[in-house]
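The values are calculated or read from the model by the stated rules, or taken from the named source; none is laboratory data. Note that this is a predicted model, so its numbers are computed, not measured. Cβ placement follows ideal geometry from the backbone for every residue including glycine, while neighbour counts extend to all protein chains displayed.
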């Protein structure tokens, strides 16, 4: 006797319902579980159909833990659930119901447990007042700041990121206990550093709900430290960070030139590392190329694994778009997906941006998604997208223009032509990047921010008074924008 897949799905779902019924009240069961239909079972993935988007969101918000637990009990540890959401309640027998399949979210995974503050004894039995909680409450809520859609499920593996992804998964299985501590991820913008960092945090929360995970950008970290200095409670700031089991710090290169913040981060890093807490650090360049960072910090960044994420190949780019479409429940002709993947090679963020533009044009202008529409959007997209300009790129263009090497341009010589080239580099770096004056100075010959301000002033004066100098500037500006 042959069992059909949906027969098995029904049997599994019936078993799940028996368990669920015992765990919730009758009214809730009737409202939220009676209308669900099992659709199919494929490779330990049970698909259930729900009547609407709202219905799906309610289940995810209120019953996801119960559902997930029950499905795993029936199908084993690899058991997963997917929803088929009915998008059009058409009662016509001729017309098929339109539905969208979505995986379960990681909404609960972003929530940290409450943690005890580390009270210390000062003098006799006096406790340090806890700045983070209302008096009388012993717990502090740490917002993980994790974004649930940046999960491993949504992170497409390719040759460009295989090592980084594998290391991230290994860490998530055993945070703080692998050789990858810290994990230092670096790449140009839009290639998935932050996504992978969030995915590690979400996976840790999935496997170890009682661990406290915190994702923080370096800008946030700096702002919090400045605030603690202003309020004279730096100890509380450091104590807070020592509560964290997995600290994910994004864009560490923004610590360049921030000596005091580097110092406090150094002590936090040491404390966490000594207690086998996991650190995940991202940057737009490898440790060896970060200017204005203390040597003792840079050497610690190399203690674990340093790995990069590279530009994705065509197959990976196609897979990224298909996954995004699947998650959003949208269909798009394969020819359009392939055309987008062929046309936009620079980074994943721009690739997804182009796809969203195509969808928006089709929807707003009530047009079909065709290859012609995609070509039109991509032409505009490439024309209008701002190329990411770095200080390295500017220095290369300026030094090439004057027939110098970057090393000569950044040397300590006072030769007028070299000083002017360096000043132009500083001026264009201030115009075209969001980098701080301190970081620009450090990268342009280890100068301070006052020298950069003086350089910008000198360049503006020469531009207004010297025609040939103004021509140099226009030539360089055009080359930078090419």
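Can residue 436 be described as surrounded by 21 or more Cβ atoms within 10 Å (Cβ to Cβ) and within 32 Å of the chain's Cα centre (by Cα)?
no
More than 37 Å from the chain's Cα centre (by Cα) and under 19 Å from residue 292 (Cβ atoms): does that describe residue 412?
yes
For the condition free of Cβ contacts under 8 Å to residues at least 40 places away in the same chain, in contact with a strand residue (DSSP E or B) (Cβ under 8 Å, 6 or more places away or on another chain) and in the same structural domain as residue 279 (by TED's automatic domain parsing), what is the one hit in 218, 212?
Selected residue: 218, the only one of 218, 212 that is free of Cβ contacts under 8 Å to residues at least 40 places away in the same chain, in contact with a strand residue (DSSP E or B) (Cβ under 8 Å, 6 or more places away or on another chain) and in the same structural domain as residue 279 (by TED's automatic domain parsing).
If residue 65 passes every condition in (1) more than 18 Å from residue 328 (Cα to Cα); (2) surrounded by 15 or more Cβ atoms within 10 Å (Cβ to Cβ) but one, which one does it miss?
(2)
Would you check if residue 13 is surrounded by 11 or more Cβ atoms within 10 Å (Cβ to Cβ), within 29 Å of the chain's Cα centre (by Cα) and free of Cβ contacts under 8 Å to residues at least 60 places away in the same chain?
no
Across region 16-49, what is the number of residues that are within 35 Å of the chain's Cα centre (by Cα) and farther than 23 Å from residue 76 by Cα?
1
For residues that are within 25 Å of residue 291 (Cβ to Cβ) and at pLDDT below 85, tally how many sit in region 450-475.
0
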